[in-house]
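Structure record follows, encoded as structure tokens.
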Amino acid sequence: MARYSSPCLSNRVINMGVKEDRSVIEAALYAADHPLTFSEIRGLIGTSSETYSRRLIEALIADYSKRGGPLILSETAKDTFALHLREEYMSKLEKIVPKAKISRGALKTLALVAYKQPVYQAKLAELRGGRVYEHLRQLTTLGFVESRAFGRTRVLRTSRRFAGYFGFEDDMDKIRERLEELTR
């Protein structure tokens, strides 16, 4: 028995696949606690096609931009994407939106790591004092700072999670430049 394939049916199946893939990407961006990389997104929808994946993401970015609602989808760093609230909604929702609890001292330490990275832990302790070790423990636990052993001290830098959370590219020089712009 010959199988009949209607062009209309074929297009509908393709469109259902595109719609489902867009929905999976959107759901993943909503549920993720970190910005998703392009390769993570491709893995979620089960494709190796960069063109197809890029078109889906660009279409979602355009849809969120066109909607003008409280959510925005943006590229937080090269090939890294996040769904987040527009800035104008943050002040209205700050009482119910959970934020990472970072003490003022730890926040100052984080700013110094971001500005001076890569920085030696010993140099940071010299600049900020002995409490810096407690701050770094907290920042490492939250995933904002990465460290690696270097002789008797450690070399510190901000993490990818830091970049995504605060809306920076995961590039030390670009973070430094952006911080300089913000403090002018």
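Details
- Note, ³J(HN,Hα) from phi for the stretch 156-165, Karplus 6.51, -1.76, 1.60, rounded to Hz, x at Gly and Pro: 10, 7, 6, 9, 4, 5, 4, 4, x, 5
- With contacts taken as Cα pairs under 8 Å at a separation of at least 6 residues, the chain carries a relative contact order of 18 percent.
- Once backbone amide H atoms are built at 1.01 Å from N, Thr153 has no partners under 5 Å, excluding neighbours fewer than 5 places away on the same chain.
- Mean shadow area of the stretch 10-93 over all directions, Cα convex hull, nm²: 6.1
- Less than 5 angstrom separates the built amide H of Ser159 from those of Val145, Glu146, all sequence-distant by 5 or more or on a different chain.
- ³J(HN,Hα), Karplus 6.51/-1.76/1.60, whole Hz, each residue of the stretch 170-184, x for Gly, Pro: 7, 9, 4, 5, 5, 5, 4, 4, 5, 5, 4, 4, 5, 8, 6
- Fluctuation leader among Lys108, Lys92, Lys116 - the chain, Gaussian network, Cα springs under 10 angstrom: Lys92
- Note that the stretch 128-143 has calculated 3J(HN,Hα) couplings of 10, x, x, 5, 4, 5, 5, 4, 5, 4, 5, 5, 6, 4, 6, x Hz, one per residue in order, obtained from phi through the Karplus relation 6.51 cos²θ - 1.76 cosθ + 1.60 (θ = phi - 60°); glycine and proline are x.
- Distant-in-sequence amide contacts of Thr76, defined by a placed amide H-H separation under 5 Å and a gap of 5 or more residues or a different chain, comprise Phe81, Ala82.
- Residue with peak Gaussian network fluctuation, the chain [Cα springs, cutoff 10 Å], from Thr37, Thr109, Thr51: Thr51
Coordinate-derived values only; no laboratory data. Treat the numbers as computed from the prediction; the structure is a model and nothing was measured.
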